[in-house]
Amino acid sequence: MENAQGTRKPRGDTRERILDVALELFNEQGYDGTSLREIAERLGITKAALYYHFERKEDILLELHLRLHALGRGVLDRIDGLADERAVTALWPALLDEFIEELMRNRDLFTLHQRNQAAFHLIVDNERHQAENEDIEERFRRFLANPALPLADRVRMAASVGAVMTALIGGEAGGMYGDVAPDEVATHVRAIVRDLFPAS
């Protein structure tokens, strides 16, 4: 669930509520400018209750970053579940459309990365972070290396992912398009993806 700014409303689970509130605060006043005490206060819980779920602020940052990983994993899971892997070419525009929807619902995560770039050096060497990165990259590389799919289609798929990531994530975080509404940008991105995969 999200508010008018595209930010998810806090969910019932305490751990998820902590992450949602931390995300709000990190985006409002920065990672360095936010303390665990402030997160606990906004939630209306004690610091001890917060420590039960997260011992360090850095652990919260890692979990928020891994929410981004989860967005791309959904597409890869759908591909892995196809009985005929060649069907992915026909399904690709719909898969990317779903991915775009997920990105739009989670724009606050891109704001987090844009406004707190310096903080992310804290999790670069984290083993879990590295393992998640390697898993997604290996699955995507394996998919693109599949000789059952025409090379031209594989190149279009890679190019379309790059277009979505650059146009939406880069545009949202960096204000590339001035005051153009993100939904309007997303409409153009969807059209470009469809152009890359014309119906046969």
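Give me the helices (runs of 4 or more DSSP H) completely within region 42-134, filtered to those with at least 3 residues that are touching a residue at least 60 places away in the same chain (Cβ under 8 Å), open to solvent by less than 70 Å² (accessible area, probe 1.4 Å) and farther than 17 Å from residue 166 by Cα, ordered by residue number. Working first, answer last.
Numbers: elements: 47-53, 57-80, 88-105, 107-115.
So the answer is 57-80, 88-105.
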- List every residue pair whose Cβ atoms sit under 6 Å apart, with the two residues 6 or more apart in sequence or on different chains, where the first one lies in region 176-200 and is without any contact (Cβ under 8 Å) to a residue 60 or more places away in the chain and within 18 Å of residue 101 (Cα to Cα) and the second, anywhere, is among the aromatic types (Phe, Trp, Tyr) and surrounded by 10 or more Cβ atoms within 10 Å (Cβ to Cβ). 185/177
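Using the structure shown, decide if residue 153 is open to solvent by 50 Å² or more (accessible area, probe 1.4 Å), in contact (Cβ under 8 Å) with a residue 40 or more places away in the chain, more than 30 Å from residue 59 (Cα to Cα) and not hydrophobic (A, V, I, L, M, F, W, C).
Working: open to solvent by 50 Å² or more (accessible area, probe 1.4 Å): no; in contact (Cβ under 8 Å) with a residue 40 or more places away in the chain: yes; more than 30 Å from residue 59 (Cα to Cα): yes; not hydrophobic (A, V, I, L, M, F, W, C): yes.
For residue 153, the condition - open to solvent by 50 Å² or more (accessible area, probe 1.4 Å), in contact (Cβ under 8 Å) with a residue 40 or more places away in the chain, more than 30 Å from residue 59 (Cα to Cα) and not hydrophobic (A, V, I, L, M, F, W, C) - is not met.
Just give me the residues in region 1-41 being charged (D, E, K, R), in a loop (DSSP other than H, G, I, E, B) and modelled with pLDDT of 95 or more, in sequence order.
Taking region 1-41 and keeping what is charged (D, E, K, R), we get 2, 8-9, 11, 13, 15-17, 20, 24, 28, 32, 37-38, 41.
If we keep only those that are in a loop (DSSP other than H, G, I, E, B) too, we end up with 9, 11, 13, 32.
Selection gives 32 alone.
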- Taking the residues in region 156-183 that are over 18 Å from the mean Cα position of the chain (by Cα) and modelled with pLDDT under 90 as candidates, determine which candidate is most open to solvent (accessible area, probe 1.4 Å). 179
- Message: Anything in region 19-41 that is free of Cβ contacts under 8 Å to residues at least 60 places away in the same chain and more than 18 Å from the chain's Cα centre (by Cα)? List them, or say none.
- Response: 25, 28, 29, 33, 34, 35, 36, 37, 38, 39, 40, 41
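The values are calculated or read from the model by the stated rules, or taken from the named source; none is laboratory data. Predicted model only: the values in this text are computed from it and were never measured. So basically every Cβ, Gly included, is an ideal-geometry build from the backbone, and we count neighbours across all protein chains shown. Calculation scope for accessible area: heavy atoms of the full protein, side chains included, ligands and nucleic acids excluded. Shrake-Rupley method; radii C 1.70, N 1.55, O 1.52, S 1.80 Å.
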